[in-house]
Every structure is written in structure tokens, then in C-alpha cells.
Amino acid sequence: MTPVKLIASLTQRRKRSIFLFVDLAMIPLALLGAFAVHRSTLVPMADVTENILLLLLLFAVAPFLALVLGTTDIRLKDFDIAGWGKLAVFASLMAFIGLVFSESIGLGLPPGLHIVFGLIYTALTGGARVMLLQVVREIYGRSDAITRVLIYGAGRTGMTLAAAMRSRGSIIPVGFVDDNAALAGLVVAGLPVFPGREVETAAANLRTNQVILAMPSAPAFRQNALSHRLERLGLDVQTLPAFAQLIGEAELIDQLMPVSPQILINRAQIDDPATADEHQVYSGASVLVSGAGGTIGLELCRQLVAFNPRRLVLLELSEVALYSAERELRQLSKGRTEIVSILGSVRDSGLVSRVLRSNDVDVVLHAAAYKHVPLVEANPSAGLENNALGTATFAQCARDAGVRRFVLVSSDKAVRPANMMGMSKRFAELVVQDLATRSERTLFSIVRFGNVFGSSGSVLPLFLEQIASGGPVTLTDENVTRYFMTIHEAVRLVLLAGSFAKGGEVFVLDMGEPLSILDLARRLIIASGYSVRDANNPDGDIEIVITGMRPGEKLHEELSVSSEVSGTAHPKITAVREPHLSEIETAAALRDLRETLRGRDEAALRAVARHWTCEGEEAARADTADSSGRIGAEA
């Protein structure tokens, strides 16, 4: 039987017996100490043997007093100032009884000796309990059956949580983490405080992967960002709700709730080990990620670092985003991968060609794009120039430089596009599909998926900011649905799909069932510690307001229009073969787009984009169907 199981198996009666035995064992030690002080000698055994009757009397009355005062009923984990007080009363009564007894039979012991006995006995019995508590905590702390947690936030809430945990046998706090530099290195509530930047080291040293965010007053979006950062370090993160939720019958520790996006979208996190295909493609390779400072681009870089590529090239238009990404990735790679930062645009063919050749790039992951639907709808020239022509320039440079693989990160908005962002992404897909049919050295492929939960421009940060400011939460239509997956999962599957590519595939990620945005808004409000204000709950905290559909917005999204679907080595990745423009048609489409962009005629630009991404595709599908019919008839 393990020590933990042995402790857990002790009945209350056995625990009382142990405490009583400890208290009895302290009587002769306290009496020896009192005589040592009184006689000024280290070994006053003669005094004890001469007063054996006093010792026997104290042995006799101790169990009775312990029963009356309940000193053996104090649980170790609840031992506090009140417990010390009970022991002080217990020792005082023992000293008083000893004094009365010695006076009545004429032992001739001075009253001061009995006072010293009471003080020493209090210290010994209390100290024994403190020592037992530390032994039990050490045993539990070394057991795998006990959950060890770090508390992020060393304020009043964190200390209250630590105290609540100590009353539980299955979970123990091992330290605090706090971003306040003044607290670093201190001991708060008996636990060490580590700075926020050292949370990964602290978790490893303290043998835990559990972190609890004890910052209920922090804005929800800040807690969400911190949760994402900690989860990327491999830590399991939970958070405390606002204090308004803590008023009730449930104990503080029972109010812990996960903030992981998987809970909100009812989607399990994939945690597959790296495949041989991925190691073959990315390990030791020179990999370029465009849009490396964006949500998807940066997560691609983080996961790529785990494969130890020899070089990781970060291509980013935003100086601030590039600086931040470079700092994080240098720290994450720990010198194993060369990090090269390039400030520039995928539309700059000279820069792109020079970067691809000088860095001997093997794999390109193209994540740079304007993706915010309303902004691109209002600025179609910028959207088409960056997403469509930028991809055409980048892909052609990659082919000319002899890059082995080129993976375009695309969107479900490209399927039967209803807005300019979707048309620009479909234009990019058409260019890559055309190049895939006539490239001998470069394998071109496309990975298409829906909304990434928590990415910039998605509904999650917007909803959280609206909730943090007290609402209302705005929704365009109560029937809107969207596909969602987490950033980690999306990028994991993109890297997998890129390693599967043989050339020309459109990989579609399994997004599960579409999620109601109205339902998501309700879940976020409740998870943030508030209630929804509606007709059924007019006194609720935050209202959901319907604003009406925006130009180009769909009620529901699609992931593919093709019925030619084939499986891959991963169950959440399928490959589809979709009709596309011919080489001549693609060249004509790019020519029309460039000429219209030069003319700055927005109406003409929308018409060109619609013609080639919607009408042109329908014609291509019709041609494919006619060809299939003719072939069938001839057969």
C-alpha cells in the first residue's frame, strides 16, 4: 500500500488515537524541559524520577482534557491560530492541575516550573502537528495521484484559492505566478512566486502542467489571450469566474471553469504525434511562411519549430508583427533553427525571388492575406491586389526558384464566393490550381478551412471586447452559422495536408458541424460570468442585438462544391478535385484584373472578379460535365 493510500485509509478514530499518542509523548519531554530550565541542567532525569507521581497524573488527565476540549479532533489541514489556541488552553489546564497536585501532596515545586511546563507543552504539541502536516503534504506532493497546480495571480483571490485547495486532498497548490515584478521571488501564503515569463520553467521544476488563472477582475479578452499563451506551452489552463458568480452554495474551488476554445465550440483538440511525412518535408528544410506575424502564420511558425527546420524565413508586411514574431520564435527555437526576418510584401516580385533563392527555400506556406470580409468589401482594390495578384506573383516566383512545395492557406469564403474577400481568395486558388497543372518541380496545393476560433478579425475577440465593455453583443442575423476550429488544430492539419500533397489537390479540413453564432454569443456571455438579457430575462447583464446582414455576407458557408472527394492518411483531411480555369483562361483573368486595377473603376473591378470566380467557374464545371457526358456516350 502506498503512503497516500495508507493515509487516506485512516479512520477518524485512528487519527484521534495518533494525535492522543503524540500529545502523551510530549508530556515527559515538556516536563524534562521545565526541569532543565528550572535547575539549569541539560539532563534533569533525577527530578523527573523523583516526581513520577506528577508525571503519572498528567498522563491520566490528558486523555480526559483532550476529549473535552476536542484537541484530537482538529484536522491537520485545518490547523491554524484557533488550533493553537485550543492547545494553549489544553496545556494551561495541564499546568494548573499539576500545580494543584504538587501543592496538595507537598512536592515543593515552584509555580514558575508549572508555567514553563505549560509553555513548552503548547510549543511541542503544536509543533508536532505542524511537522506532521508538512510530512503529509510532502507525501501527497510526491504522489502521481495528486494534482499539483500553479496559481496565476498572487493577489487576494489567488491566496483565497490556495487556502481552499489546502482543504482538499486531491489537489494542492505548489506556487504562484504573477506579472507584478515586485512579487517575483517572494513567498506568499507559504508558496513561492514566479514571474510570468518563467511560467514554463516553474511548471517543469514543480512537476505540474496545471495552471489556474485567479484574476477574475481582468478583462475576458486578456484572460483569453493569456490562456492561449499558456496552452501553447503545453499547460492545462482553467480560470476563476468573476466574484459575482462566487456568491452561492458552491465552494470556491468548485467554481473553476475551463476557458479553452474547445469547450465553447464543442470540439475536441487533436493531439496526434508528428508523422513520418511531416518529418520528411519539414525537418532540416528551409521553410518560408508569408504573413508570419498574423494569427495563422505565427502559429504555423510555432509548430514548425518543433520539426527543427534548418531555416525559418518570416515574410511579413507589418513591422510590429514581424518584430514580435521574431522575438518569440528565437526564444522558442533556442538556437536550433536559423530565424530570418524579411519585411516586405508578396507582391514585390524582386524581393520575393531574391529571398527564395538566397535562403534556398524548400517549402512555402502562404498565409498572407487580407481576410476581414467587411474591410475587403469596402476596399476591393486592395483585397484583390494583395490576395489574388500577390498570390500569383508569389507562386510564380516560387516555381521559378525551384521551391519543392507551395501550400496556399485558403478559406471557405472562396466556395461560391458572395463577397470580395471570397472572390479574391478564389482567384488565388485558381492561379495555384493552374500552376499545379504545369509545374514540374514545385508541388502546388491548397488547404481550405473555415473560421479559426480567436484569430484576428473573427467574432471571438469582438464579442469578448463587447462583453468586457458591458455590451451589447452585436450579431448580424440570428440564423447565421459558421464552421469553427481552433488555431492549434487548423495549423496542425495544414502542416499535415502540406506533407501529403502530390500536386494540384484542394485539401478540405473536417470542420465538424456548423455552429450557430447566436449560440456562441450566449455561451461567451455566460462563460464570462454574466447572464443574457432578453425577453425571458429582462434583468440580465448583457443584451444581444441583431444589426442586419452586411454586404456580401452569407447565412451559411460551404467547404467544397465538388463531389469528387477522396480520403487521406488523416481522417480530418479530405482531398477534392474541383474544376478550374485553363492556362489561357487564367492568363486572361490575370490580365483583366491587372488592367481593371490600373483603371481604378470599382464597379468594373467587382464585375471582373465576379466573372472569373463565379461565372467562369460555372462555365468550367459545365464544360467538365459536357466532356464527361461525351466520353460516356462515346464509350
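The values are calculated or read from the model by the stated rules, or taken from the named source; none is laboratory data. All values reported here derive from a predicted model rather than from experimental measurement. Here Cβ is always computed from backbone atoms with ideal geometry, including for glycine, and neighbour counts include all displayed protein chains.
For region 401-419, give me each residue that is of a type in the set (A, V, I, L, M), part of a loop (DSSP other than H, G, I, E, B) and either outside the structural domain of VAL432 (by TED's automatic domain parsing) or over 15 Å from ASN359 (Cβ atoms) (or both).
Within region 401-419, VAL415, ALA418 qualify.
Give the residue, chosen from THR586, THR547, that is under 34 Å from the mean Cα position of the chain (by Cα), at pLDDT 85 or above and of a type in the set (Ser, Thr, Tyr).
That would be THR547, the only listed residue that is under 34 Å from the mean Cα position of the chain (by Cα), at pLDDT 85 or above and of a type in the set (Ser, Thr, Tyr).
Which of the residues spanning region 353-380 are modelled with pLDDT under 95 and not hydrophobic (A, V, I, L, M, F, W, C)?
Residues satisfying the conditions are TYR370, LYS371, HIS372, PRO374, GLU377, ASN379, PRO380.
Looking only at residues in region 332-356 that are of a type in the set (D, E, K, R) and out of contact with any strand residue (DSSP E or B) (no Cβ under 6 Å at 6 or more places or on another chain), which one is surrounded by the fewest Cβ atoms within 10 Å (Cβ to Cβ)?
It comes out as LYS334.
Just to check your reading of the model, which residue among LEU593, LEU581 is in a loop (DSSP other than H, G, I, E, B), out of contact with any Ser or Thr (no Cβ under 7 Å at 6 or more places or on another chain), at pLDDT 60 or above and buried (at least 19 other Cβ atoms within 10 Å of the Cβ)?
LEU581
Check off (1) under 33 Å from the mean Cα position of the chain (by Cα); (2) crowded, with 24+ Cβ neighbours inside 10 Å for LEU375 and give me the number that stays unchecked.
(2)
So, restricting to helices (runs of 4 or more DSSP H) that lie completely within region 43-120, which ones have at least 2 residues that are at pLDDT 85 or above?
In region 43-120, the matching helices (runs of 4 or more DSSP H) lie at 52-69, 81-104.
Can SER290 be described as of a type outside the set (A, V, I, L, M, F, W, C) and surrounded by fewer than 23 Cβ atoms within 10 Å (Cβ to Cβ)?
Considered against the rule, which asks whether it is of a type outside the set (A, V, I, L, M, F, W, C) and surrounded by fewer than 23 Cβ atoms within 10 Å (Cβ to Cβ), SER290 comes out as no.
Checking ALA490 against (1) farther than 23 Å from ALA285 by Cβ; (2) surrounded by 24 or more Cβ atoms within 10 Å (Cβ to Cβ), which test does it fail?
(1)
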